[in-house]
Structures are given as C-alpha cells and as structure tokens.
1. Which number in (1) of a type in the set (Ser, Thr, Tyr); (2) in a loop (DSSP other than H, G, I, E, B); (3) surrounded by 23 or more Cβ atoms within 10 Å (Cβ to Cβ) marks the one condition that THR235 misses?
2. Quick one: would you say LYS266 is under 29 Å from ALA168 (Cα atoms), free of Cβ contacts under 8 Å to residues at least 24 places away in the same chain and either of a type outside the set (Asp, Glu) or surrounded by fewer than 17 Cβ atoms within 10 Å (Cβ to Cβ) (or both)?
3. Specify which of the listed residues (SER305, SER309) is surrounded by fewer than 22 Cβ atoms within 10 Å (Cβ to Cβ) and among the small types (Gly, Ala, Ser).
4. Mind counting the residues in region 211-235 that are under 25 Å from GLN137 (Cβ atoms) and not hydrophobic (A, V, I, L, M, F, W, C)?
5. Can you tell me which residues in region 194-203 are surrounded by fewer than 20 Cβ atoms within 10 Å (Cβ to Cβ) and either under 17 Å from the mean Cα position of the chain (by Cα) or farther than 23 Å from LYS233 by Cβ (or both)?
6. Go through region 134-159 and count every residue that is within 12 Å of the chain's Cα centre (by Cα) and hydroxyl-bearing (Ser, Thr, Tyr).
7. Of these, LEU125, LEU162, LEU142, LEU92, which one is among the aliphatic types (A, V, I, L, M) and touching a helix residue (DSSP H, G or I) at 6+ places or on another chain (Cβ under 7 Å)?
8. Out of all the residues in region 194-232, which are assigned to a helix (DSSP H, G or I), of a type in the set (S, T, N, Q) and touching a Phe, Trp or Tyr at 6+ places or on another chain (Cβ under 6 Å)?
Amino acid sequence: MFRTPLFVATALAASTLLTACETKPATSSEKAGSATTEAIAADSAGTPVTSGTAATATDEANATPAPDPTSIPAGRMAGAAAITARPQVPILCYHQIRDWTARDSKNAKDYIVPVQAFKNQMKMLADSGYHTVLPDQVYAYLTTGAKLPSKPIMLTFDDTDLDQFTVARPTLDKLGFKAVYFIMTVSLGRPHYMSKAQVKQLSDEGNVIGSHTWDHHNVKKYQGQDWVTQIEKPTKTLEEITGKKINYFAYPFGLWNQQAIPELKKRGFVGAFILAEKRDPIDPLFTIRRIIASGYWSPRTLHNSIVQSF
C-alpha cells in the first residue's frame with residue numbers, strides 16, 4: 001500500500017502544489033485590455049448590475065432544480081459529443097487565500113490570492129451579474145440540457161486550507177455565493193488546515209464537499225492499492241464527516257489519465273475536474289475544465305480570463 005509520511009504530505013500541499021499546478025498567467029494584453037461595461041463598473045464605480053444577494057427571483061426560478069445525478073435515467077443523458085458541444089460553465093479554482101509573504105516565490109503567488117484581492121474578485125463577479133452554481137446543476141446541464149441561472153459560474157477550492165473557511169467562506173456568504181471544497185484528508189485537523197467540524201459546517205451550509213485524495217499524490221502514478229489509499233478511503237471519510245454521498249473528484253495538479261476514469265466510476269463518482277487543458281472527447285464529464293484564479297489578477301483581468309477561457 002502506498003503511504004506518504006504526514007510531513008511529506010503537508011509539504012506537498014503547502015509548497016509542491018504551488019509549483020506543480022498549471023495555470024494561465026495574466027498576459028500584458030489581458031492586464032491592459034478592454035473590459036466589458038460590467039467589468040469596468042466593478043473596477044471603478046462599483047455599481048452592481050445583479051449580485052448574488054440581489055439576484056432576481058425570476059432568474060433563480062427559471063433555473064432547473066438540480067436532481068441527484070445518480071437519479072437521471074441513462075436514456076435521458078446526452079452522449080459525449082453533445083456534452084462537449086454545450087458551452088462550458090466557467091469554473092474557477094482557488095488554493096490559498098492569504099496575503100503574500102517574503103518567503104513566497106514569484107510562481108507561488110499565482111496560487112496565493114491576497115485577502116483584499118480575493119474580496120475584489122468576488123465583488124466583481126457579483127457586480128457583473130454572475131450566479132454561483134454547484135456540481136449537480138452543472139452535471140444536469142451537461143447531461144440533460146437543464147437550465148442554469150443567467151451567467152453561471154462555479155467556485156472551487158482545493159487542498160483544505162484553513163483560510164478557505166476563515167476568509168473565503170464569510171466573503172462568499174455576504175454575496176449569497178456557494179462553492180465546492182475539494183478536501184485532501186491527510187491534512188484534516190492539522191495546523192493551517194480545516195478541521196472535520198469545519199468541513200461538515202461547510203456542507204451543512206449548502207456548499208459541496210468533493211474528494212481530492214488522501215495526500216495529493218499524482219493520479220497518473222497510481223498502481224494497485226493506491227486507488228484504495230488515495231481515493232476510496234478518503235472519500236468514505238468525507239462521507240462519514242458530511243453524512244452525504246461524495247459524487248465529485250478533483251485531480252491533484254489537474255493531472256489525469258485514461259486509467260483513472262474507470263477507477264473513479266467504479267467508486268461511484270459521476271464527474272471529475274481537471275485544470276485548463278483540453279477535455280477528453282470520450283469522457284468529458286470526468287475532464288471538466290477549471291482555470292486557476294491567479295493572485296496577480298485584478299478583477300478586470302479575472303473577468304477577461306473567464307470570457308477568454310470559457
């Protein structure tokens with residue numbers, strides 16, 4: 001059985017991840033490029049178009065309630081080509097939400113979003129009329145064409161960092177936003193990481209908890225018992241914590257291979273998330289794209305990146 005010592009796992013989460021994940025850095029043209037009227041309003045006057053808390057009842061009512069993904073009959077589900085042809089839902093990936101320190105490398109700062117920068121990014125989303133959606137809604141949309149709210153966006157957080165609970169959660173609550181938290185179970189209860197009680201609270205408050213392995217080991221290197229150690233056992237732990245079925249998985253570093261998909265399906269997952277690379281044309285539900293929101297990005301650059309990436 002594969003086992004990595006806890007101190008190695010902690011190092012993986014705190015430092016290796018920062019250099020191994022891939023993201024699309026902000027280009028000079030993005031930083032200086034023109035933004036939409038909504039993005040400009042968010043950056044300057046700050047006049048909300050529609051925010052998470054001010055979303056109209058009509059818009060929300062027109063969205064299709066998300067069914068349990070396992071309850072959708074196979075005969076109603078679209079094929080891979082139809083799923084791939086649907087416009088992608090923008091999905092953002094965050095890691096650490098904290099202010100930079102002198103020890104943070106230039107590359108690491110792509111994955112560490114300063115507190116005020118994060119609040120500004122969330123305000124831009126709200127002011128620009130984005131509505132947060134959760135994985136079951138995206139799954140129903142992709143497989144059956146279910147209607148989503150106007151300007152849907154999904155917010156995801158990887159690796160169990162405590163600041164996701166202490167900083168991101170209250171920020172999102174003020175805007176009426178919900179999110180997905182992909183939990184790495186080796187770090188639960190350790191310094192600077194969330195506790196089991198905090199993970200349960202996030203779930204109880206309407207956020208979604210997803211699986212992100214035991215200790216962030218690269219899925220492409222799994223053999224034999226690794227599937228139990230890294231996927232099966234951690235997912236059962238999360239189900240025990242939340243009291244809910246865990247249906248979604250995020251690949252560490254965004255790295256995946258064809259061998260992983262049947263292993264995930266065998267363990268009851270209905271969808272999995274990569275980063276910015278191309279989706280698999282055969283199994284698009286197990287290669288749903290996200291982009292990492294860079295710590296360098298202004299609200300305007302984030303808006304431009306969302307438009308250009310999805």
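Quick note: the coordinates plus some simple rules give every number you see, no bench work behind them. Computed from a predicted model, the values in this text were never measured in an experiment. Cβ: placed from backbone, ideal geometry, glycine included. Neighbour counts: every protein chain shown.
1. In the conditions (1) of a type in the set (Ser, Thr, Tyr); (2) in a loop (DSSP other than H, G, I, E, B); (3) surrounded by 23 or more Cβ atoms within 10 Å (Cβ to Cβ), THR235 misses (2) alone.
2. It is false that LYS266 is under 29 Å from ALA168 (Cα atoms), free of Cβ contacts under 8 Å to residues at least 24 places away in the same chain and either of a type outside the set (Asp, Glu) or surrounded by fewer than 17 Cβ atoms within 10 Å (Cβ to Cβ) (or both).
3. Only one candidate qualifies: SER309.
4. Total meeting the criteria: 5.
5. Answer for region 194-203, where residues must be surrounded by fewer than 20 Cβ atoms within 10 Å (Cβ to Cβ) and either under 17 Å from the mean Cα position of the chain (by Cα) or farther than 23 Å from LYS233 by Cβ (or both): just SER203.
6. 1
7. None of the others qualify; the one that does is LEU142.
8. GLN198, THR229, GLN230
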